[in-house]
Structures are given as C-alpha cells and as structure tokens.
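Note sheet for the following structure.
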Amino acid sequence: MIQTVRQASSLRGTVSLPADKSISHRSAILAALAGGRSRIYNFPRSADPRSTLDCLRTLGVDAERDDDGVLTVRGRSLHGLNPPSAPLDCGNSGTTMRLLSGVMAGQKFGSVLTGDESLQQRPMERIADPLRAMGARVELRDGHAPVRIRPQRRSGLQPLEYRLPVASAQVKSCVLLAGLYAAGETVVIESTPSRDHTERMLGLDIQEVGGERHIIVEEGHIVPTATWSVPGDFSAAAFFLVAGTLVPGSELHLDDVGLNPSRTALLEVLDGMGANITVENERVQGNEPVGDLTVRPATLSGIDVGGRLIPNLIDEIPVLAVAAACAEGRTQIRDAEELRVKETDRLRAMSENLRTLGADVQEREDGLIIDGNGPNLLGGTVQSQGDHRIAMAMGVAGLVAHGTTTVADAECARVSFPGFWSELSRVAST
Ligand code: S3P
C-alpha cells in the first residue's frame, strides 16, 4: 500500500491509540502461564500482539475475545503447555520470539520459533547465550532465527546470574521467564535500565546494588492469574506528540496513555527542545502509571540525546529524528546503535528518508547528527522498508513537508498501530 500525506494546516481532536504492545505481549504470556483464568481488557488487534496470541494458541492455550473486546485466557500453568504441532510463527515480532524462547527453554518438549524475513535477520545470540548458560539446548541458523529449542533435560534449567551485555528488555524478559523454570534463584543485572513491564507484572523483587538493578526470580515463583488492563501505547502516542508539536494550529488530546517512566524519556527530550505537552489526570491503572496528554505547537531547538536515556526512548527515535529535522539547530543522537538491529536498520532508514525530503542528516555508527532547518522539509517519496515505526515517522514528516509525501509499503503500520493512517487523516486539516 502506498500512502499519500499532504502538508497539514492543523491537527485537532482526540486520537484513538492502540493498546501498549509491550504490555499486551506480556499480559498474554503471563496469562497463559498462570494456573487459571485471566482477563485482559483492551488487548489490541495489532499484528505483533496477535502473533503472540497465535503462538500461545499453537501451544494449546485457549484465548477468546468477547463482544466487548475483552480477552479471556485460560492459563495452563508453567508445565501445562502442549507440544506445538508446527513451528511457532512470531511474524514480525522480536518481542514474541525472544520472550517465548525463554518460556520454551523450560519445556519438556522441543519447539521451533520462526518469523518473517525481517525477524530472521535480527540477532538471536543475545538470547541463546544466557539460555544455553542455563542448560537449555538452543540452536540458531547463523545467529538468527529459526530458533530451535530441544526438549529440556531431566535435570531442568539451572539458575543464572546474568549481567545484560546490552540494554534490552526483550533479553531481560527472556531470561526472567526462563528463570521461572530454573532450580534456584535467577538474577538479571542491568546497568542501564530498560522497560520494566515484566518485573512489574510478575511482581519480582528488585534490588539496587552499586547503581545497578538486580531483578530476582525465585524458583517456584507463582505467575498470578490477573485482570490486566492494557493502557494506550506511549510509543504510538509519540507520533502524534511530534505531529501536534510541528503542525501549527494544532491541539491534540491523547487519553489513557501508559506513562511508565522507563518508556517516556521522549517527553523529557521534547520538553528540553521546547515542546508544549501537558500531562493531566495521572493515575495508576493495574501496576502501570497512566495519564492524559495534550500537545500544542511549539518551535523546537536542537538537543543532544544519549546514554541512559536511549533505552527509554528507543522506539521513539525515528519520530524524534523528524522533530529534530524541523527544529532550529543541531540535534545529536548518540549511543543508539541498537537501532541498527530493529525491524530494519532505523538509523540508515531515517537518514535516507529524511534526506529525500531535503533534511541535513549525517549518519554515525551509533546515531544521527541532524541540522534542523525549521519547517522546510519538501514532499517526496520515502520508503518504510517494511518497518512500522519508519512508516509512521515518515507519515508525520509528510504532515509538515511542503506539498505531498508518499510513503511506500505503508501498511506495515498495522504491526503496532492498525488505525494509524485513518487517525492521521481524521485529525488533519489541509
Ligand atoms: C520491547 C523492547 C525493546 C523495544 C521493542 C519492545 C519489549 O526492544 O524496541 O519494540 O517489549 O520488551 P529491546 O529490548 O530489544 O531493546
């Protein structure tokens, strides 16, 4: 699908956001591992969480959505999953593959996890290494999926103390889920904190030791049956926060947005650039902070972003690059080499696409240098490269670029935000 976006004169209204992708995956997996019935309110129809549900169904988990959209999952407990009759197809979803590999490592049956072309190019040694250190038998093809996991030996998984070599919530969660099956205490140590949904949802013990976080999962930790309520996805909101900042005459409202501090560094960065975003009605829903956001236009200045902030805005960097291209002055994004191993190489994709629209962008091994030129982007044809966040970020750029912008392969937005293009055109006046 080719999506055409015209320069907008304003964006106004309340945006309907999809439910948080990270929390959705985890709610479904934990519900499947619990020993009874869980209910999940606001489970999204996005492709990635659906991949997780489909895999769980292949493992014998009964999950049904009622007329009100509430998903009821009948958990099979830690040891009650069925051997899969086919490979587990994780689609485009790295979270599905990495988290479920942790669960599969603890099973007495073997499994194979596979995915689409993009997912088969993403690094999987990062999960195979710790799982092997726990005694799991994991085989990869050249460091990549398919991930083949042999049945667990009779002795079971060994506990592990694991210092994450890369700040990754997916790797952290994989080891913690495998830790549920280990004979003893598994400790994951992170020096740079990443999103903490898994440890929150499992109710794990966390200790701060010498500036590092130790996340502890004990043998026999009970996975609770629960009523989960998934908040709006901050990473989806991010596109509209930048769009509402850049398009003059805008006022956008985004309600019930997840505001977990391990996810919201973009608010801090946009604030530092001069944005006008207000947060109201802050409250706690389940075990996650949520709030209502309003964004109004502002003139942005360039900023330096790097270090510990990066994991907390990792998925928002593509749209931050759009904000930077429309700011006054230089923005430098450092320490973001992880973007090269996402659904596509996001540093390359954003620098190529923004340059197509006339922006001044230099690619660095670990980031981007963007010399913003105010609202002077020019419409053109850009490539999503099949990556949902690249497609949506470039859709936002199209709202500010003079003339018309065409986003090729735009349908991939459905991976995390099925209604993205219709929401964009609904709130936009040209
Ligand atoms: C996610 C973690 C992040 C993020 C991804 C979702 C998660 O990946 O980019 O979109 O739900 O755990 P990494 O953990 O690999 O950085």
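The set of residues in the stretch 378-395 that are under 12 Å from GLN3 (Cβ atoms) and in contact (Cβ under 8 Å) with a residue 60 or more places away in the chain comprises ALA391, MET392, MET394, GLY395.
Of the residues making up the stretch 331-341, those that are assigned to a loop (DSSP other than H, G, I, E, B) and open to solvent by 40 Å² or more (accessible area, probe 1.4 Å) are ARG334, ASP335.
Within the stretch 52-96, track down each residue that is touching a residue at least 60 places away in the same chain (Cβ under 8 Å) and assigned to a helix (DSSP H, G or I). Selection gives GLY94, THR95, THR96. Of the residues GLY307, GLY329, GLY272, the single one that is at positive phi and out of contact with any Gly (no Cβ under 9 Å at 6 or more places or on another chain) is GLY307. Of the residues making up the stretch 361-384, those that are part of a strand (DSSP E or B) and under 11 Å from THR405 (Cα atoms) are LEU378, THR381, VAL382, GLN383. For the stretch 136-159, which residues satisfy the criterion of being open to solvent by less than 40 Å² (accessible area, probe 1.4 Å) and at positive phi? Correct list: GLY143, GLY156. Is it fair to say ARG263 is surrounded by fewer than 17 Cβ atoms within 10 Å (Cβ to Cβ) and either assigned to a loop (DSSP other than H, G, I, E, B) or of a type outside the set (A, V, I, L, M) (or both)? When the stated conditions are applied, ARG263 does not pass them. Within the stretch 1-51, the set of residues being of a type in the set (Gly, Ala, Ser) and not in a loop (DSSP other than H, G, I, E, B) comprises SER10, GLY13, ALA19, SER22, SER24, SER27, ALA28, ALA31, ALA32, SER38, ALA47, SER51.
Of all the residues in the stretch 31-55, those that are within 16 Å of the ligand (Cβ to nearest atom) and under 18 Å from LEU113 (Cβ atoms) number 8. Considering the conditions (1) within 16 Å of the ligand (Cβ to nearest atom); (2) free of Cβ contacts under 8 Å to residues at least 40 places away in the same chain; (3) among the small types (Gly, Ala, Ser), GLY232 is excluded by exactly one of them, (2). If the condition is being buried (at least 19 other Cβ atoms within 10 Å of the Cβ) and either free of Cβ contacts under 8 Å to residues at least 12 places away in the same chain or away from the ligand (no atom under 16 Å from the Cβ) (or both), then the stretch 160-176 contributes only LEU160. For PRO18, the conditions (1) buried (at least 24 other Cβ atoms within 10 Å of the Cβ); (2) more than 16 Å from the ligand (Cβ to nearest atom); (3) more than 29 Å from PRO130 (Cβ to Cβ) are fulfilled apart from (2).
Tell me whether the stretch 352-368 contains one or more residues that are within 16 Å of the ligand (Cβ to nearest atom) and either more than 22 Å from the chain's Cα centre (by Cα) or under 23 Å from ALA391 (Cβ atoms) (or both). Yes, some residue in the stretch 352-368 is within 16 Å of the ligand (Cβ to nearest atom) and either more than 22 Å from the chain's Cα centre (by Cα) or under 23 Å from ALA391 (Cβ atoms) (or both).
Starting from residues that are β-branched (Val, Ile, Thr), out of contact with any strand residue (DSSP E or B) (no Cβ under 6 Å at 6 or more places or on another chain) and under 20 Å from ASP129 (Cα atoms), keep the ones in the stretch 57-116 and report whichever is surrounded by the most Cβ atoms within 10 Å (Cβ to Cβ). If we take residues in the stretch 57-116 being β-branched (Val, Ile, Thr), out of contact with any strand residue (DSSP E or B) (no Cβ under 6 Å at 6 or more places or on another chain) and under 20 Å from ASP129 (Cα atoms), then THR96 is surrounded by the most Cβ atoms within 10 Å (Cβ to Cβ). Residues in the stretch 38-56 that are open to solvent by 20 Å² or more (accessible area, probe 1.4 Å) and either over 26 Å from SER235 (Cα atoms) or aromatic (Phe, Trp, Tyr) (or both): TYR41 alone. The set of residues in the stretch 108-154 being small (Gly, Ala, Ser), touching a Pro at 6+ places or on another chain (Cβ under 7 Å) and under 22 Å from PRO165 (Cβ atoms) consists of GLY143 alone. Scanning the stretch 204-224 for residues that are over 20 Å from LEU164 (Cα atoms) and either of a type in the set (Gly, Ala, Ser) or surrounded by fewer than 16 Cβ atoms within 10 Å (Cβ to Cβ) (or both) returns GLU219, GLY220, ILE222. Among the residues of the stretch 311-330, those identified as in a helix (DSSP H, G or I) and open to solvent by 10 Å² or more (accessible area, probe 1.4 Å) are PRO311, ASN312, ILE314, ASP315. Could you tell me which residue of the stretch 85-136 is farthest from the ligand (Cβ to nearest atom), considering only residues that are of a type in the set (S, T, N, Q) and over 17 Å from the mean Cα position of the chain (by Cα)? In this case the residue turns out to be SER85.
The values are calculated or read from the model by the stated rules, or taken from the named source; none is laboratory data. Keep in mind the model is a prediction, meaning the values are calculated, not measured. Virtual Cβ from ideal backbone geometry, glycine too; neighbours counted across all protein chains shown. Quick note on the areas: whole protein, heavy atoms, side chains included, nothing else; ligands and nucleic acids left out. Shrake-Rupley method; radii C 1.70, N 1.55, O 1.52, S 1.80 Å.
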